[in-house]
Every structure is written in structure tokens, then in C-alpha cells.
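This report concerns only the one structure given below.
The values are calculated or read from the model by the stated rules, or taken from the named source; none is laboratory data. Please read these numbers as outputs of a predicted model, since none were measured by experiment. Cβ atoms come from the backbone with ideal geometry, glycine included; neighbour counts cover every protein chain shown. Heavy atoms of the whole protein, side chains included, go into the accessibility calculation; ligands, DNA and RNA do not. Shrake-Rupley method; radii C 1.70, N 1.55, O 1.52, S 1.80 Å.
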Amino acid sequence: MSVTGYNLMWMMVMFDLPVTSAKERKLATAFRNYLLDEGFEMSQFSVYLRFCGTREKANPYIKRIKKQIPPDGNVSILFFTDKQFGDIITFQNRKPVLMAETPDQLTLF
């Protein structure tokens, strides 16, 4: 199977966690920091993205994230292809923002 933008996968974690008490804020912050430690990049405050390569390579992340989810709130994990990622249109202050380049594959010499 050849590798194309149609079979390379991205993973998006979106969440809405309660933050009304100090304990809830601490749990929400710990979850955000966990995602950053796992190599996710923040797209928006409660939306994090990570390039996974393939869906099979994403499965261990799902298992680890599941263990870190706070007891209350909602967490969703979405998958989409590299081609779909490249088609995202983002606006900041009504002006279009160019998407970052797709990360290069690690090359060992």
C-alpha cells in the first residue's frame, strides 16, 4: 500500500470539562498538560491535534487518553486524513490563516 494524504491520519481530541471548583480546574489543567506531553498541539483551548501516521498507531494513544479523562465532562476523539487536514480553513480576526505545513516524516541516515 502506498502512503498518501488519504491514508495518513490525524487525531483530534475535543473536550468540555467542568471548571467551577478548584479541584475541577486542577483536573482539567492536568488533562490539557497530559495531551501536550503526549505530543498534541493546541488548536483551540479545548481542541488538540496530533499527527498519528496510521489509525493503528493512534490506538495506543486512545487507550492512554482514556485513562487520563477526568470523571466529569465530555471528551471526543476524531480521526481525519492528512488530505482533510490540509483542507481546513481557519480565520483569525476575520482574516484567513495559512495552515502549518504537514510535519515531515522522520528520516534516518
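General remarks:
- Using alpha carbons only, the radius of gyration of the stretch 1-68 set against its Kirkwood radius gives Rg/Rh = 1.06.
- Carbon and sulfur %, accessible surface of the chain computed with the full protein complex present, 1.4 Å: 55
- Computed from backbone phi with θ = phi - 60° and the Karplus coefficients 6.51, -1.76 and 1.60, the 3J(HN,Hα) list for the stretch 62-78 is 4, 4, 5, 4, 4, 6, 9, 5, x, x, 10, x, 10, 9, 10, 10, 10 Hz; x is used for glycine and proline.
- Among the trypsin sites (Lys or Arg not before Pro) found in the stretch 49-104, those both in a DSSP coil and sparsely packed, with 14 or fewer other Cβ atoms within 10 Å of their Cβ, are Arg94.
- Spin-label pair Thr54/Met12, simplified geometry with 7 Å Cα→Cβ offset, distance in nm: 2.4
- Listed residue pairs exceeding 26 Å between alpha carbons, taken from Lys26/Lys83; Lys26/Lys57; Lys23/Lys57; Lys26/Lys95; Lys57/Lys83: Lys26/Lys83; Lys26/Lys57; Lys23/Lys57; Lys26/Lys95
- Based on protein heavy atoms only, the chain ends up with 75 Å² per residue of surface accessible to a 1.4 Å probe.
- Coupling constants for the stretch 49-57 follow from the phi torsions by the Karplus curve (6.51 cos²θ - 1.76 cosθ + 1.60, θ = phi - 60°), and in residue order they are 10, 8, 7, 10, x, 10, 5, 4, 6 Hz; glycine and proline get x.
- Counting only DSSP H runs of at least 4 residues, each contributing -39500 (n - 2.57), and dividing by the residue count of the chain, the helix-based mean residue ellipticity at 222 nm comes to -10000 deg cm²/dmol.
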